[in-house]
């Protein structure tokens, strides 16, 4: 089991620690609902140092990224971030990721913790272009400071004008007295905020500095439990649940990051799928009757025929009702369609809803 540079601090703070993607991670501190509300209403800090980071450098760095990712990375400029995915050769997804353009010949890819080695091997397989690849995951710490008060909490720590940063951009600068830190206006909560990348050796120093300046605003540490409820309220996909090696980006509603103005892995087959239409779609689920749609629960029609499967579900702390996501046959994917979740052999009424659930 790997630790992040901040594992000891989480334990000192009384976090409930769980194994996640090979790491010892905090799932909660004071409780998922309270932590969720902290992020929605104020500001919270997630240690997400388990995520993977690769640096791709060289004349052909962009060409390699264009080859392996579905989105059009030629649209990036220095300081811009792009959400994308790595399609496999069978119609599924190797992983979803973020692409950071540092300069014309240098990019950083941010990948899911559970897929670091898998993604590295996948991209390396296509690197016959002489691109210099470095896996900096083990030496890089990442904090996500999320919530409507994030800018106010962090501004005194940096020379970067946080308030003027556009969504999905980043800057390098001094942060908490440390140079060469990447501050990115990204996140996985829908609550606004920043993600901060730095070398492990500065982790405790930066963590303490953030909590010192954020104290008057009620800043708190947040675990992976609330990260999941927050992302689900926004309808953001979680790799391993809502997308995986068997789900196509078009089925998953990721057509917006699948650009056919270039050749990429499996693009002809995906283009054909786009033209012919998909047989199932990832939809949002809102429960009408009492019950929580859990990962793996069957989705059925009024007659009890199986029409799909739940991929994610929870009791939404913001909305005080149960929500989820799942794949259904395309004819059942229209917003408002009545569906049923099979929970312990009972048919529990629900409807198809369009994320985000929380607005």
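Read-outs throughout are calculated quantities, based only on the coordinates presented, and are distinct from any laboratory measurement. Just so we're clear, the structure is a prediction, and the values are computed from it rather than from any experiment. Please note: Cβ atoms are built from the backbone with ideal geometry, for glycine as well, and neighbour counts cover all protein chains shown.
Length available on full extension from residue 329 to residue 1: 0.36 nm per residue minus the Cα-Cα distance, which gives 114.2 nm. Of all the options 281, 349, 75, the one that moves most in a Gaussian network model of the chain with Cα springs shorter than 10 angstrom is 75.
Equivalent-ellipsoid semi-axes for segment 228-309 (Cα gyration tensor, √(5λ), whole Å, largest first): 28, 16, 10.
With springs connecting C-alpha atoms under 10 Å apart, model the chain as a Gaussian network and identify which of 303, 138, 72 has the largest mean-square fluctuation. It is 303. Within segment 126-184, the percentage of alpha carbon pairs spaced more than 13 angstrom apart rounds to 71%. In plain terms, the bigger the Kirkwood radius, the slower the diffusion; for segment 201-359, with that radius from Cα pairs, at 37 °C and 0.692 mPa s, Stokes-Einstein puts D at 188 µm²/s. With kT/(6 pi eta Rh) evaluated at 4 °C and eta = 1.567 mPa s, and Rh the Kirkwood radius from Cα pairs, segment 275-329 diffuses with a coefficient of 110 µm²/s according to Stokes-Einstein. Among 217, 142, 98, the largest mean-square fluctuation in a Gaussian network model of the chain, built with springs joining Cα atoms closer than 10 Å, belongs to 217.
One compactness figure for segment 1-99 is 1.42, namely its Cα radius of gyration divided by 2.2 N^0.38 Å. Rounded to the nearest 500, the helix-only mean residue ellipticity at 222 nm of the chain stands at -6000 deg cm²/dmol, with each DSSP H run of n ≥ 4 adding -39,500 (n - 2.57). If you take the Cα centroid of segment 95-136 and the Cα centroid of segment 263-305, the two points sit 29 Å apart. With N as its number of residues, the chain has a Cα radius of gyration that, divided by 2.2 N^0.38 Å, comes to 1.00. Run the paramagnetic zone check for residue 34: 7 angstrom along Cα to Cβ, then residues of segment 296-331 with backbone nitrogen under 20 Å. The answer is 315-320.
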